[in-house]
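Scroll down for the structure; my scribbles are underneath it.
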There are 2 protein chains.
Amino acid sequence: MAESQSQSQNKHGKLYVVGIGPGSVEYLTIHARDVIQNSDYVIGNGTYLDQIESLLNGQEIIRSSMGKEVDRASRAVELAQSSVVSMVSGGDANIYGMAGLVLEVAENAKQDVEVEIVPGVTAITASASILGSPIVNDFAVISLSDLLTPWDMIEKRLDSAASTDFVISLYNPKSRKRNSNFARAIEIIKQYRDGSVPVGLVKNALRDEKQDYIVTTLDNVLDYEDWVDMRTTVLVGNSESRIWSQSGSDRIITPRGYHRKYEY
Amino acid sequence: MAESQSQSQNKHGKLYVVGIGPGSVEYLTIHARDVIQNSDYVIGNGTYLDQIESLLNGQEIIRSSMGKEVDRASRAVELAQSSVVSMVSGGDANIYGMAGLVLEVAENAKQDVEVEIVPGVTAITASASILGSPIVNDFAVISLSDLLTPWDMIEKRLDSAASTDFVISLYNPKSRKRNSNFARAIEIIKQYRDGSVPVGLVKNALRDEKQDYIVTTLDNVLDYEDWVDMRTTVLVGNSESRIWSQSGSDRIITPRGYHRKYEY
């Protein structure tokens, strides 16, 4: 029924690039859920399709795999000439997501496809919400994967973000090929920031029982190096961040600066 | 009904700090919607409460105003001793949101209140989704408001982010007191980045008919200086970003780097 309804409304097709948030269906936006439910085709890699399984009911499903992003984008652009297509992207569609590649492929294909990017909750804010309030102030987001960005540039970005006291979020802290990237990144940040600065490590943020996290400090974070994997989100506080222990669990608070203006 | 149900389930109360996304109710997460609907109290400033008006049906509503953030947080912590309270925050609860202040107040109050931070779609990714794919790569987020951060530090952050080719998102580009902050920020970025680099300006992202945006370049953005206000989100591309004109509308594409690895 979803199919006939959406096809009659969209004779020329439409391509949605849908950020599905961190994991559980309840962290999709209402709009993202509706778009997926009313699509003719839903395309994505298996991990993301599994996360939204409860929304798949009658749509044609196309499973792709990691490393096949270009093929997946081309297929989606082609299908969207005449059908309503949802390309699902973990977290937000922009942040290290599929939006860019889809628009690049659409641009090159010179096909006049209508594309709507549907934003979602990113791994950064999902992880931050579990840790407390680590990123209420200026922050920088850096992927440690040197598959698509030269490692030299990554080091420069780490250096500049650390030297001007940005809260720093690291994506892809580990890869199979370069296992040392994470330790090197911490080493660079420690050149500028005190060892007591809090660090949060989050795995599978808001993915039901799979979620796990650690609150530690720059001095101690490498004790957890083996715990960190490709999909861990790392949040390093700024010079004012602190750890708040409440009822046996630790959270990270980065002050916004109200304490300089108000008493409470 | 919402009240009696949630009170019976939560004898000790609970405080949710809820990111309500960029504007329309359909961009709330399903979880955020459910939390608000099942609260005894909903607290927030008028703008945000108006955005979620369709979800307010029986809860006690407490309207606060801008500049009263500390009072609002104290009140919420107090009420959450025995009631279920949603403190609403525009966009995400962390990013320049209320999560930090609420945890700071809870910490100082030394009251054992249970706090859950509920993440939402930020103005950054909402604006990015309208512009296309400006932030698929490493990015830095900087508020130009010097109310809570010294201007000198803001300039240093602009300089370091611009010099290492981060995509840059600017919050609070204008204030009543310092109208020149935006022009100064663009001047700093232009020291490192070509004048042809795309810049997107977005007002009221995903807020129904209020939404408006401009795609321009570093060379031309100050032509729109009067258009920019306190609530405009600014996105400055990196050295590889480009403008894609399709069917008369312009979008910003920042390549992720696949073009260095694949042909398409």
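The values are calculated or read from the model by the stated rules, or taken from the named source; none is laboratory data. Because the structure is predicted, anything quoted here is derived from the model rather than measured. Glycine gets a Cβ as well: all are built from the backbone with ideal geometry, and neighbour counts include every protein chain shown. The accessibility values were calculated without ligands, DNA or RNA, using every heavy atom of the protein model including side chains. Shrake-Rupley method; radii C 1.70, N 1.55, O 1.52, S 1.80 Å.
Things worth noting here:
- The A and B chains share an interface that buries close to 7300 Å² of accessible area, total over both sides, probe 1.4 Å.
- Environment charge of B:Pro134, counting only residues whose C-beta is closer than 15 Å and scoring Lys/Arg +1, Asp/Glu -1: -3
- Residue-normalised accessible area of chain A, expressed per residue, 1.4 Å probe, Å²: 39 Å²
- Computed over region B:54-125, Kirkwood Rh from alpha-carbon pairs, angstrom: 13.0 Å
- Computed Rg/Rh of chain A, alpha carbon atoms with Kirkwood Rh: 1.03
- For region B:2-118, convex hull volume per residue from C-alpha positions, Å³: 83 Å³
- Whole-Å distance, taken between Cα centres, linking region A:180-218 and region B:195-244: 33 Å
- Protection proxy ranking, peptides B:167-180, B:113-126, average beta carbon neighbours within 10 Å, highest first: B:113-126, B:167-180
- Accessible surface of the protein assembly as shown, 1.4 Å probe: 43 percent of it comes from carbon and sulfur atoms.
- Proximity of backbone amide H atoms, modeled 1.01 Å from N, is registered between A:Tyr96 and B:Asn137 at under 5 Å, excluding neighbours fewer than 5 places apart on the same chain.
- Peptide B:113-124 - average C-beta neighbours from other chains (10 Å radius): 6
- Across peptide B:68-80, the mean count of Cβ atoms from other chains lying within 10 Å of each residue's own Cβ comes to 1.
- Modelled spin labels at A:Ser175 and A:Leu56, positioned 7 Å past Cα toward Cβ, are 2.8 nm from each other.
- Straightening the chain between B:Ser247 and B:Tyr224 buys 6.0 nm, computed as 0.36 nm per residue apart minus the Cα-Cα spacing.
- Neighbouring partner chain Cβ atoms per residue of A:152-158, average, 10 Å criterion: 3
- Lys, Arg +1 and Asp, Glu -1 on Cβ, resulting dipole of chain B about Cα centre, debye, nearest 20: 240 debye
- Unsatisfied cross-links (Cα-Cα over 20 Å) in the set A:Lys177/A:Lys210; A:Lys174/A:Lys203; A:Lys190/B:Lys110; B:Lys156/B:Lys203: A:Lys177/A:Lys210; A:Lys190/B:Lys110; B:Lys156/B:Lys203
- Relative frequency of Cα-Cα separations exceeding 22 Å in region A:123-260, percent: 31 percent
- With only Cα atoms counted, the protein assembly as shown has Rg and Dmax values of 21.9, 61 Å.
- Of all DSSP beta bridges confined to region A:2-118, the antiparallel ones make up roughly 5%.
- When peptides B:97-108, A:244-255 are sorted by average Cβ neighbour count within 10 Å, with the highest value leading, the order is B:97-108, A:244-255.
- Each peptide among A:151-159, A:198-206, B:51-59 gets the average number of other Cβ atoms lying within 10 Å of its residues, and from highest to lowest they stand as A:198-206, A:151-159, B:51-59.
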